[in-house]
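Below is one structure; the comments refer to it alone.
Laboratory data are not the source of any read-out in this text; all were calculated from the coordinates shown. All of these numbers come straight from a predicted model, not from anything done at the bench. Cβ placement follows ideal geometry from the backbone for every residue including glycine, while neighbour counts extend to all protein chains displayed.
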Amino acid sequence: MTPRVIAAGLVPLVLVAGLVAFITGPGGITAGIDPLPDITIERVDFVDSEVRVVVRNTGPVPVDIVQGDINDRIQPSAVEPDGHLERFETAVLRIPYAWNEAEPYAIGVTVHDGTRFERVVEAAAPAVPVDLEQAGLLALAGTYMGVIPVFIGLAWLPFIRRLNQKSISFFLALTAGLLLFIGVDSAEEALGVSAENLAGSMNGALLVLASAGCAFLALQYVSGRLASTGALGSGSAMGAALMVSVGIGLHNFGEGLALGAAISLGSAAFSVYLLAGFAMHNTTEGIAIASPLAGRNRVARRLVMLGVVAGFPAVLGAWAGGFAYSPISSVVFLAVGSGAAFQVAVTVARWVARGPGGMTSPHVCGGLAAGLLIMYVTSIVL
């Protein structure tokens with residue numbers, strides 16, 4: 001581009017920057033209006049005889065943390081690295097306190113103008129230690145939840161290979177149904193985490209939309225590049241299986257985050273039910289990977305690779321959720337998993353459309369319905 005073209009493109013940006021500066025400046029229409037502070041209590045950890053509170057400034061103006069309280073009683077506390085928070089900056093409030101396990105606590109944080117923010121912990125539990133033993137426990141939980149169920153589902157491949165073309169189309173359509181359910185389920189989880197843990201200024205619903213949309217478009221681009229280069233193109237069975245594995249892997253990372261966070265917060269009973277529910281749920285995902293490979297032989301090695309791609313992210317998610325849980329990252333990764341699932345569902349639908357009867361045949365419509373119903377039933381059993 002020539003300098004004249006670049007200058008023409010910059011003119012509107014300069015004008016809008018000037019407009020914003022005028023509106024928000026000392027003489028602008030917002031002069032004399034003091035915006036209200038807003039902070040989010042993202043995490044509460046109970047460590048030895050201390051309560052550690054992670055806070056983030058999610059308001060439009062800087063804030064100073066002046067005190068912390070537990071059950072409406074002001075406690076001596078220290079803030080690391082310091083009590084002054086610029087927008088979106090985080091700090092840790094350390095409150096010495098002889099807490100008791102399994103008791104409820106209301107944690108309060110007061111800022112410079114006297115505004116108090118509160119988070120209620122229903123049952124205190126010791127924070128997860130960052131050590132090899134705990135890392136091994138989280139890895140084992142992620143393996144039981146994601147890796148093993150996916151490989152169990154892959155065992156359907158010999159059965160699917162013995163089916164005729166219409167039956168294979170049924171299972172491919174079932175795969176699309178599974179992925180559509182996964183996409184909606186991940187989006188719902190992301191919106192739930194956003195509503196419960198993110199301040200309004202973070203625009204959680206829009207963050208979900210942006211993350212899911214970017215993931216969808218990124219996988220769409222990758223799928224197109226693979227097709228153009230001929231390596232695992234979108235028209236090949238292995239290409240379709242790989243895209244399914246990637247989409248499921250991103251979804252399982254989000255599920256691993258939820259499981260790791262539940263374990264780290266001491267929700268032992270909930271963690272067991274969550275683990276069992278995810279394990280049952282994820283077994284059906286192996287069918288989604290195996291279905292595109294029904295007509296291929298000698299795929300054992302690649303099948304192992306695909307299973308790892310789909311299942312191992314659950315282990316990574318469990319580590320992230322257990323050791324470094326963040327509501328923002330949880331929302332982003334759950335939304336990314338949603339967008340990826342939708343994109344892969346589109347890829348599989350294109351594959352199905354080339355089969356006998358296209359997308360409107362009874363076996364394809366039945367497969368889609370079966371996929372949705374299977375995922376729904378396995379999601380409510382536990």
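Assuming R0 = 25 Å, can you tell me the calculated FRET efficiency for the pair A106 and L36, based on Cβ-Cβ distance, to the nearest 0.05? Taking R0 as 25 Å, the efficiency between A106 and L36 is 0.70. Evaluating kT/(6 pi eta Rh) at 25 °C and 0.890 mPa s, with the Kirkwood radius of the range 301-347 over Cα pairs in the Stokes-Einstein relation, gives 203 µm² s⁻¹.
The slack in the chain from M305 to L163, taken as 0.36 nm per residue of separation less the alpha-carbon distance, amounts to 48.7 nm. Could you tell me how many degrees, from 0 to 90 and to the nearest 10, lie between the Cα long axis of helix 362-380 and the main elongation axis, the longest principal axis, of the Cα atoms of the chain? Its long axis makes an angle of about 40 degrees. Return the calculated 222 nm mean residue ellipticity for the chain, to the nearest 500 deg cm²/dmol, obtained by summing -39500 (n - 2.57) across DSSP H runs with n ≥ 4 and dividing by the residue count. Helices in the chain give a 222 nm mean residue ellipticity of -20000 deg cm²/dmol.
The C-alpha atoms of the chain define a longest principal axis, and helix 204-229 lies at about 40 degrees to it. Potential lengthening of the chain between A210 and V16 amounts to 67.5 nm, from the contour at 0.36 nm per residue minus the alpha-carbon distance.
Would you mind getting me the FRET efficiency between I380 and I6? Use the beta-carbon distance for r and R0 = 41 Å, nearest 0.05. E(calc), rounded to 0.05, equals 0.10. Max-minus-min Cα coordinates of the range 39-121 on each principal axis give 36, 21, 20 Å, with the largest extent listed first.
Directionally averaged projected area (the chain, Cα convex hull): 24.8 nm².
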